[in-house]
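The values are calculated or read from the model by the stated rules, or taken from the named source; none is laboratory data. Here the structure is a predicted model, which is why all the values come from computation and not from measurement. As a convention, Cβ positions derive from the backbone with ideal geometry for all residues, glycine included, and neighbour counts pool all protein chains shown.
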């Protein structure tokens, strides 16, 4: 009887011991889960705050970009007005040069078109001799829209090509690339070349000395 009682006490003691262990394990698990949930909640909150800050920053940057875009547009308009005024001044000015024969500058569009079939290169407008330089710059004056044949009348085209030739003291040139001839001008001075490129909104000028293009930093995409 005493032995059974002792065994019963031992069994109950073991059961209580196991129960305590289980309770401790469950408590640790619960505490761990609670801590994990708290940490996750904090991270989610931080992430939410971060997203809010990013959204705010993006909105601020978007607003700043819109302001810069608007300022750039206004700058474009101002420069375009200046370019158009200078363009019109050249077109309407009484310009001549005894070294440039005006009679050679009749039906310029037709003369340019007749140069199709020439090898790629640069040619004197009057003599059609091939040209090459070891210094100076080559500058065109037409943009894509003005190269369509419809922007200038024949008389206007003759007039402006002749006057630009007079200003620079040399015959115009015919540049041919991929069987597409166009008018350009040889100018020794870099600043003058870039000024002409700005007025006539050219993307770049050609540097004969280094045989590479120089970008016109004042190029206006919305001009012409």
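Per the conditions (1) within 22 Å of residue 105 (Cα to Cα); (2) modelled with pLDDT of 90 or more; (3) surrounded by 15 or more Cβ atoms within 10 Å (Cβ to Cβ), the sole criterion not satisfied by residue 142 is (2). Residues in the stretch 112-123 that are surrounded by 13 or more Cβ atoms within 10 Å (Cβ to Cβ), touching a strand residue (DSSP E or B) at 6+ places or on another chain (Cβ under 8 Å) and not in a strand (DSSP E or B): 112, 115, 118. Scanning the stretch 196-213 for residues that are in a loop (DSSP other than H, G, I, E, B) and either touching a helix residue (DSSP H, G or I) at 6+ places or on another chain (Cβ under 6 Å) or under 23 Å from residue 91 (Cβ atoms) (or both) gives 200, 201, 202, 203.
With the condition kept exactly as written, say whether any residue in the stretch 57-67 is modelled with pLDDT under 80, farther than 28 Å from residue 221 by Cβ and surrounded by 10 or more Cβ atoms within 10 Å (Cβ to Cβ). Yes; the residues of the stretch 57-67 include at least one that is modelled with pLDDT under 80, farther than 28 Å from residue 221 by Cβ and surrounded by 10 or more Cβ atoms within 10 Å (Cβ to Cβ). Among all positions in the stretch 79-95, there is no residue which is in contact with a strand residue (DSSP E or B) (Cβ under 9 Å, 6 or more places away or on another chain) and in contact (Cβ under 8 Å) with a residue 24 or more places away in the chain.
Checked against (1) free of Cβ contacts under 8 Å to residues at least 24 places away in the same chain; (2) in a loop (DSSP other than H, G, I, E, B); (3) surrounded by 15 or more Cβ atoms within 10 Å (Cβ to Cβ), residue 217 passes all but a single condition, namely (3).
Any chance the stretch 145-159 includes a residue that's surrounded by 13 or more Cβ atoms within 10 Å (Cβ to Cβ), within 22 Å of residue 90 (Cα to Cα) and out of contact with any helix residue (DSSP H, G or I) (no Cβ under 9 Å at 6 or more places or on another chain)? Looking for residues that are surrounded by 13 or more Cβ atoms within 10 Å (Cβ to Cβ), within 22 Å of residue 90 (Cα to Cα) and out of contact with any helix residue (DSSP H, G or I) (no Cβ under 9 Å at 6 or more places or on another chain), one finds at least one in the stretch 145-159, hence yes. Among the residues making up the stretch 96-111, those that are over 38 Å from the mean Cα position of the chain (by Cα), assigned to a loop (DSSP other than H, G, I, E, B) and touching a residue at least 24 places away in the same chain (Cβ under 8 Å) are 96, 97, 99, 100, 101, 106.
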